[in-house]
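Structure first, then comments.
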Amino acid sequence: MLPRRTALLQEIRSNLPEALWKLEEWDSERSLDDFEPLLADDVAAHPRQSDVEPRPEAKRVFIKTFGCQMNVYDSERMSEALAVEGYVETADVAEADLAILNTCHIREKAAEKVYSDLGRLRDLKSLRAKSGKETFITVAGCVAQAEGDEIVRRAPVVDLVLGPQNYHRLPEFLSRLRGGEAALVETAFPDEDKFKALPARSPAKSASAFLTVQEGCDKFCTFCVVPYTRGMEFSRPVAALVEEARALVARGVRELTLLGQNVNGYHGEGADGHATTLAGLIRHLASVDGLQRIRYTTSHPRDMTDDLVAAHAEEEKLMPYLHLPFQSGSDRVLAAMNRKHTADDYLRLIERVRAVRPDIAMSTDIIVGFPGETDADFQATVDLVKTVGFAYAYCFKYSARPGTPASSMDGQVSEAVKRERLERLQAVLEDGHRQFNAASVGKTMPVLFEKAGRQTGQLVGRSPYLQLVQVDGGPEFIGEIVDVEIRAAGANSLSGVIRGSM
Ligand code: 5AD
Ligand code: SF4
């Protein structure tokens, strides 16, 4: 039985390009592609359960995650919901009884990749069918939400299209599929709370975990699909978040990154029944014993309230790192983007943050080639980058998204101009990134070790500023915060020596 299974898997694998089961990077336009502090490593940590040798009869689920950290969190929660049903996660798509593409709709390229993967999954499904194996194919995430039925029309191989608010119903839909129902599409925004319906968290793979605290966005930047795919802002109540944080800490987590499309717009219900700000939530979470570090992403400049700025000075567990997208340095473009802030507002805000936390590392998102962007507008973006001095930044070519106001604006910028501006901006940003890392050499920093490195005897952790730090050290340091003297800075990481072992 087993040799036949192995032969079948080999046949399937040889018919599928390796790319399909490789993890999807956010986007090749990311300026510091290889160094994706919150994304690449954590995505690579998936699948969580494959460390456990699955029983031969267990059902396998393969999950490919596209896009942002919120999708990474959602993939983990889907995996946990499926574990209750007896599914074990696999990194090998060829043996998957269920393949889930957790998709991103933010730029055209990310959305289109889903369809090329679905073409490959179609071949996989028919190969498996030849040996009597059923394969259910699910499209989840923002493409599912935005395109719904259209996905099944374009790719009839898809069995289930599931919007982000319906993950808790995954087991129910699978049982309906097994019962013979054809292509199911669910993109409603249900009344029930998916977070309440999802099972408890499973053991942590890393000392650092994500915690979604807020979803959706009401800002309606004219380029962005998020308000349409993820809906209006919704914040989870403080008590539920503190409970989830405690559960994660009990499972070995030491650092939490609070996630939300507009996380600093957080306004979840507190114990007194009133809305709590993000700063208030951070204070509650900081009181969880054993939790040592808190981060949050991603923020909007307009929601950077005084109490949140103050929290950076007062809350020891809040790390000195702030991801604050500014999108463009031109006021004219910012107005057309409906950002409701100017370049000067942004600079003043950073002054306020740096006044209370001078060492804070800043990162940002920038779009080049927004409709109507002139050379002078672009130059204003470059100037702002130089003025602020970002530790990291992600820049993107503007991508027209159907249904968003900017997609029908006059003055769409040519691909060639966008590419040229992106390259110029990336050169400036990479310079800043190198300088930021080089300035760490000779300093001693507390590093949270998250896991073993690629080479034996090597450990990988993060500095307070989210820099990747590699040292030689044993597994006893995993989950610990240890002082490290930084000896060298590479393009994407630092290396150093554990204090006391020098
Ligand atoms: N085109 C290019 N970049 C976009 N982003 C959002 N929508 C678009 C778009 N249509 C970028 C913004 C945002 C980040 C998550 O993605 O910079 O902050
Ligand atoms: Fe999109 Fe962020 Fe603007 Fe909301 S604030 S519309 S998520 S870019």
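With 19 Å as the limit, the listed pairs 194/451; 219/340; 109/418 have 194/451 beyond it between alpha carbons. Can you pull the percent of the stretch 160-238's accessible area that's carbon plus sulfur, 1.4 Å probe, other chains left in place? Reported share for carbon and sulfur atoms: 55 percent.
The GluC sites (Glu not before Pro) of the stretch 311-356 meeting both criteria, a DSSP state outside H, G, I, E and B (loop) and at most 16 other C-beta atoms within 10 angstrom of the site's C-beta, are 315, 316.
Normalised by the number of residues in the stretch 332-395, the average gap of Cα pairs under 8 Å and 6 or more apart makes the relative contact order 41 percent. For the stretch 62-201, the solvent-accessible area of protein heavy atoms averages 34 Å² per residue (probe radius 1.4 Å; ligands and nucleic acids excluded).
Placing R0 at 30 angstrom, the Cβ-Cβ distance between residue 316 and residue 251 gives a FRET efficiency of 0.85 after rounding to 0.05. Restricting the GluC sites (Glu not before Pro) of the stretch 92-162 to loop positions (DSSP other than H, G, I, E, B) with no more than 15 neighbouring Cβ atoms within 10 Å leaves 134.
Within the accessible area of the stretch 292-384, the carbon and sulfur atoms contribute 49%, probe 1.4 Å, all protein chains present. For GluC sites (Glu not before Pro), no site in the stretch 205-286 is both called loop by DSSP and has at most 10 other Cβ atoms within 10 Å. Partner lysines whose Cα lies under 22 Å from the Cα of residue 443, excluding those fewer than 8 positions away in the same chain, are identified as 317. Here the Karplus relation 6.51 cos²θ - 1.76 cosθ + 1.60, evaluated at θ = phi - 60°, turns the backbone of the stretch 359-374 into coupling constants of 8, 4, 8, 9, 9, 7, 10, 9, 10, 10, x, 4, x, x, 5, 8 Hz, with x for every Gly and Pro. With Cα atoms defining each centre, the stretch 168-239 and the stretch 360-391 are spaced 33 Å apart in the structure.
Taking the charge dipole of the chain about its Cα centre, with +1 at Lys and Arg Cβ atoms and -1 at Asp and Glu Cβ atoms, the residue from 90, 324, 296 reaching farthest to the positive side is 90. For the chain, a Kirkwood radius taken over Cα pairs fed into Stokes-Einstein (20 °C, viscosity 1.002 mPa s) yields D = 90 µm²/s.
For the stretch 77-177, the Kirkwood estimate of hydrodynamic radius, built from reciprocal distances between every pair of different alpha carbons, is 13.9 Å. Here the dipole of the stretch 126-239 is about 560 debye; that uses its Cα centre as origin and unit charges on the Cβ of Lys and Arg (positive) and Asp and Glu (negative).
This model, with +1 at the C-beta of Lys and Arg and -1 at the C-beta of Asp and Glu, gives the chain a dipole about its Cα centre of some 860 debye. For the stretch 197-356, the normalised intensity computed at q = 0.08 Å⁻¹ comes to -0.25 (log10 of I(q)/I(0), Debye sum over alpha carbons, equal scatterers, no solvent).
The values are calculated or read from the model by the stated rules, or taken from the named source; none is laboratory data. Source: prediction; values computed, not measured. Reconstructed Cβ throughout: ideal geometry from the backbone, glycine too, with neighbour counts over all protein chains shown. Calculation scope for accessible area: heavy atoms of the full protein, side chains included, ligands and nucleic acids excluded. Shrake-Rupley method; radii C 1.70, N 1.55, O 1.52, S 1.80 Å.
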